[in-house]
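Computed from the coordinates by the stated procedures, all read-outs in this text should not be read as laboratory data. It should be emphasised that the depicted structure is a prediction, and the values quoted were computed from it without experimental measurement. All Cβ positions, even for glycine, are placed from backbone atoms using ideal geometry, and neighbour counts span all protein chains on display.
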């Protein structure tokens with residue numbers, strides 16, 4: 001197994017442990033539905049219908065044409081069965097179909113984050129908050145990885161806030 005794949009698996013394991021310790025593991029498991037969407041519905045449907053939001057155990061799907069909405073309504077039981085099979089348990093109870101465009105971003109809207117967002121400085125207060133958050137974790141490896149993940153997310157958020165045109 002490659003080292004990058006093992007790091008990804010390690011981060012996923014760490015996140016699952018952390019979320020589980022806070023009672024959020026079911027919610028995390030539901031969000032894996034994005035990983036399995038195309039496998040559950042096939043490439044043709046996935047090109048026309050995309051998951052956009054989870055509300056509890058209801059997955060909202062944006063469908064680009066009313067005829068496809070009708071077809072998906074008929075296929076709903078089969079899609080739900082396949083999604084839950086791929087998720088490994090009954091996590092999605094219903095699909096809410098909504099008509100709309102599926103292209104959420106165009107080439108006219110390039111990502112304008114600074115190329116070095118990873119080196120965005122963190123304040124002492126931000127570092128302290130992260131340390132307080134991870135302090136209760138008994139596993140030092142888990143603490144280390146979660147600390148790193150939180151630091152990177154905070155840097156990314158700061159870079160997004162500082163890009164032109166953001167609030």
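Taking the Cβ-Cβ separation of residue 122 and residue 13 as r and a Förster radius of 30 Å, what is the calculated FRET efficiency to the nearest 0.05?
On the way: r = 25 Å, r/R0 = 0.84.
Between residue 122 and residue 13 the formula returns 0.75.
Computed FRET efficiency, Cβ-Cβ of residue 20 and residue 53, R0 30 Å: what is it to the nearest 0.05? Walk me through the intermediate numbers first.
Values: r = 23 Å, r/R0 = 0.77.
Once rounded, the FRET efficiency stands at 0.85.
Gain in length, residue 139 to residue 78, computed as 0.36 nm per residue apart minus the alpha-carbon separation, to one decimal in nm? Kindly include the intermediate steps, with their values, before the conclusion.
On the way: separation 61, 0.36 × 61 = 21.96 nm, distance 4.15 nm.
Gain on extension, residue 139 to residue 78, equals 17.8 nm.
Figure the gain on full extension for residue 151 and residue 132 (residue separation times 0.36 nm, minus the Cα-Cα span) and round it to one decimal in nm. Write out the running numbers ahead of the final one.
Numbers: separation 19, 0.36 × 19 = 6.84 nm, distance 1.29 nm.
That works out to 5.6 nm of additional length.
What are the semi-axes of the equivalent ellipsoid of the stretch 118-167, taken as the square roots of 5 times the eigenvalues of the Cα gyration tensor, listed largest first and rounded to whole Å? Intermediate values should be presented prior to the final figure.
Values: eigenvalues 123, 22, 12 Å².
Ellipsoid semi-axes (Å, largest first): 25, 10, 8.
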